[in-house]
Amino acid sequence: YEPASLVVEADAALSGMTVAVSDLEGDGAKLPASMIDVFWVKRWWQADHKLHNSNDPQLVPELLLKDSELVTVSPDVESHRNTIRSPRVDAPTLQPVDVAAGDNQQVWLTAHVPADAKAGTYRGAVKLSFANAPPVRVPLTVTVHPFALLESKWDSSLYYNGRLKEFP
């Protein structure tokens with residue numbers, strides 16, 4: 001798996017933004033577009049990430065969603081409220097988003113290169129389409145190396161002693 005990200009900054013409001021990835025071609029071989037998974041990066045209220053124990057929530061760009069409307073984020077900096085739509089299930093496919101003028105929207109791409117892919121450099125594009133603006137193409141390059149990584153000798157995990165807290 002290999003991640004990539006891009007950010008769309010809107011000088012004017014953009015509506016109905018969608019993302020499509022082309023097949024990637026190179027060295028006489030092709031990687032299908034279906035190996036690239038696309039998500040919107042949602043900014044939502046989270047506890048402060050600084051090293052000190054502050055209880056000041058921050059807008060953090062960390063939530064990967066297919067449907068950005070699954071979570072509604074209060075623009076009111078006093079309430080710090082995230083609301084999750086019911087049922088709490090993300091969409092199976094990427095849904096269009098709107099980007100306000102002066103705002104931005106991050107796109108997260110994850111490439112899952114098939115184990116039998118031929119080593120080489122593959123090129124394609126990410127196409128950003130809008131209901132109210134011309135499309136934009138962003139080049140995408142994936143390099144498949146001629147070796148496989150060894151299995152890890154360790155199991156990795158993460159422990160976090162989190163607590164739910166209601167903010168005023």
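The values are calculated or read from the model by the stated rules, or taken from the named source; none is laboratory data. Given the structure is predicted, the values throughout are model-derived calculations rather than measurements. Here Cβ is always computed from backbone atoms with ideal geometry, including for glycine, and neighbour counts include all displayed protein chains. The accessibility values were calculated without ligands, DNA or RNA, using every heavy atom of the protein model including side chains. Shrake-Rupley method; radii C 1.70, N 1.55, O 1.52, S 1.80 Å.
Of everything listed in (1) under 19 Å from the mean Cα position of the chain (by Cα); (2) assigned to a strand (DSSP E or B), the single unmet condition for E25 is (1).
Within the option set T121, T110, being of a type in the set (S, T, N, Q) and more than 15 Å from V19 (Cα to Cα) holds for one residue only, T121. Among the residues of region 1-20, those that are in a strand (DSSP E or B), in contact with a Ser or Thr (Cβ under 9 Å, 6 or more places away or on another chain) and open to solvent by 30 Å² or more (accessible area, probe 1.4 Å) comprise E2, P3, A4, T18, A20. All conditions but one from (1) modelled with pLDDT of 95 or more; (2) of a type outside the set (A, V, I, L, M, F, W, C); (3) open to solvent by 40 Å² or more (accessible area, probe 1.4 Å) apply to H52; the one that does not is (1).
Looking at the structure I just gave you, is V107 in contact (Cβ under 8 Å) with a residue 40 or more places away in the chain and touching a helix residue (DSSP H, G or I) at 6+ places or on another chain (Cβ under 9 Å)? No; evaluated as a whole, the condition is false for this residue.
Table: residues versus (1) over 17 Å from the mean Cα position of the chain (by Cα); (2) within 23 Å of L70 (Cα to Cα); (3) not aromatic (F, W, Y).
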position: R85; (1), (2), (3): yes, yes, yes
position: A117; (1), (2), (3): yes, no, yes
position: S129; (1), (2), (3): no, yes, yes
position: V136; (1), (2), (3): yes, no, yes
position: T141; (1), (2), (3): yes, no, yes
position: W154; (1), (2), (3): yes, no, no
position: S157; (1), (2), (3): yes, no, yes
